[in-house]
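The values are calculated or read from the model by the stated rules, or taken from the named source; none is laboratory data. All values reported here derive from a predicted model rather than from experimental measurement. Cβ: placed from backbone, ideal geometry, glycine included. Neighbour counts: every protein chain shown.
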Amino acid sequence: MQPVIHIVDDDKSCRTATARLLSAYGLRVEAYESGDQFLARLPYCEPGCVLLDLQMPGLSGLQIQRELCELAPLLPIVFLTGEGDIRAGVDAMKAGATDFLEKPSSVAVLIPAIEQALAQYERQRLEHKRLQEQRTLVASLSAREAEVFRLIVRGKLNKQIAHVLGISERTVKVHRHRVMEKLGVRSVAEAVSIAAGIDFTNRDALTSGSRSGRPSP
């Protein structure tokens, strides 16, 4: 699917000129005259990036950015503004904008910024997919396996895990093997990496495998 460059700018002349420029470059473009119009038509799962004017009637560029952090966190933002200042630029970049450009911007400036934003989208998409797959794997653990996993990533040895859970060390080894097998890892370091990536907590351990009922021995 070809990425979409979303241009959000209340200035019709700038909006039209930018759209024509990018279309001539072979990019797929959608243009919006306000933040409300953009958010109402936002394609949540479509790849692309946003060229966003900072100062507009209604929702400002920074307000739209905050909305996108909730609605479409993977969608990168490049701010285009004729009224930019240092403070606004700092706020935008802190909130995750990929660039902050003055308008009008030439194609020599716009295209590299867009390419950078699209590359960021792809990196974030792949990372999001990887984390979702890892969350699914962890959710497949039984309640007891999740408890063992939690203690493994805390650095507990089999003997210590057996003592904490009140089960035999042999049983711990069986659960440990199943955990590693289900997660597709071969080392504790890999297991810890998964736990850190998905922010695995005590609550996660207790809710994982809840469909199985009480923890198995």
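Per-structure values
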quantity: Lone qualifier among Leu151, Leu206 - being part of a helix (DSSP H, G or I), modelled with pLDDT under 90 and over 19 Å from Gln132 (Cβ atoms); calculated: Leu206
quantity: Some residue of the stretch 90-113 being modelled with pLDDT of 90 or more and surrounded by fewer than 18 Cβ atoms within 10 Å (Cβ to Cβ); calculated: yes
quantity: Contacts under 7 angstrom Cβ, first residue in the stretch 146-159 being farther than 12 Å from Ala196 by Cα, partner polar (S, T, N, Q) and assigned to a loop (DSSP other than H, G, I, E, B), 6 or more apart; calculated: Ala146/Ser208
quantity: Residue satisfying condition, being outside the structural domain of Leu74 (by TED's automatic domain parsing) and under 30 Å from Leu74 (Cα atoms), within set Val148, Val164, Val153, Val172; calculated: Val153
